[in-house]
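Where a number appears in this text, it was derived from the coordinates with a stated rule and is not lab data. Since the structure is predicted, the reported quantities are computational estimates derived from the model, not experimental observations. Note that each Cβ is placed from the backbone with ideal geometry, even for glycine, and that neighbours are counted across all protein chains shown.
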Amino acid sequence: MNKVKNLIYPVVVTECNDESGHYFSVVSPNIKGMVTDGETLQEAMVHAEDAIATMIADTEYPEVQDPRKWKLEKNDFIMWVPVNMSKWLNQHQKTVRRNVSIPENLNDWAKKNKINVSKVVTDALRSMQEV
C-alpha cells in the first residue's frame with residue numbers, strides 16, 4: 001500500500017523548436033511511457049505532474065531513480081516534479097451520490113441561479129479538508 005502522498009520525480013525536459021513551433025517536451029525514464037509537453041516550461045511541468053500522477057495512481061509508486069545516470073542529449077536538462085498524490089486523488093477520484101438536505105428557499109434560489117449544489121458542497125468540503 002502506498003503511504004507517501006508527497007512525491008518528487010526527476011524528468012528529462014527537451015526544449016524543442018521544430019515545425020510545431022517552440023515547446024518543451026517532458027519524459028520520465030523513471031515512469032515508463034510518461035510523455036507530455038507544454039508551450040512554456042511552467043505548463044510542461046504542470047502537465048508532467050498530472051501525467052505522472054495519472055500513470056502511478058493505481059500502482060505501487062516507483063522508486064526515484066538517480067538522474068545523474070541518465071544520458072542527456074544537447075537540448076535536454078533535468079527538472080524535478082513534485083507530485084501531491086493526496087491532492088491529485090482527491091480531485092480525480094470517482095464521485096459517489098450523496099443526499100444532502102438544505103432549506104427549500106435555498107434550493108429554489110440555487111435552481112433559479114443555476115447553482116450546482118453538488119459542486120458547492122464538494123468545494124466547501126475540500127476547503128475544510130485542506131485546513
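I'd like the full set of residues that are loosely packed, with under 14 Cβ neighbours inside 10 Å and either in contact with a Pro (Cβ under 7 Å, 6 or more places away or on another chain) or not in a helix (DSSP H, G or I) (or both), limited to segment 55-69.
Correct list: Asp58, Thr59, Glu60, Glu63, Val64, Asp66.
Mind checking which residues of segment 28-53 are polar (S, T, N, Q) and under 20 Å from Asp18 (Cβ atoms)?
Thr36, Thr40
Just for segment 71-93: of the residues that are surrounded by 16 or more Cβ atoms within 10 Å (Cβ to Cβ) and more than 10 Å from the chain's Cα centre (by Cα), which one is nearest to Ser25 (Cα to Cα)?
Ranking the qualifying residues of segment 71-93, first place goes to Met79.
Just name the residue that is surrounded by the fewest Cβ atoms within 10 Å (Cβ to Cβ) out of those in segment 23-47 that are β-branched (Val, Ile, Thr) and touching an Asp or Glu at 6+ places or on another chain (Cβ under 8 Å).
Thr36
Listed residues Ala53, Ala57; which is in contact with a strand residue (DSSP E or B) (Cβ under 8 Å, 6 or more places away or on another chain) and aliphatic (A, V, I, L, M)?
Ala53
For segment 108-122, check the following and say yes or no: at least one residue is surrounded by 14 or more Cβ atoms within 10 Å (Cβ to Cβ) and of a type outside the set (A, V, I, L, M).
Yes, the conditions are met somewhere in segment 108-122.
Return the pair list, or none, for Cβ contacts closer than 9 Å from residues in segment 111-131 that are under 16 Å from Ser86 (Cα atoms) to residues that are of a type outside the set (S, T, N, Q) and outside any loop (DSSP other than H, G, I, E, B), at least 6 apart or on different chains.
Glu130/Lys87
Condition test on Ile52, is it assigned to a helix (DSSP H, G or I), touching a residue at least 40 places away in the same chain (Cβ under 8 Å) and closer than 26 Å to Leu7 by Cβ?
Criteria met by Ile52.
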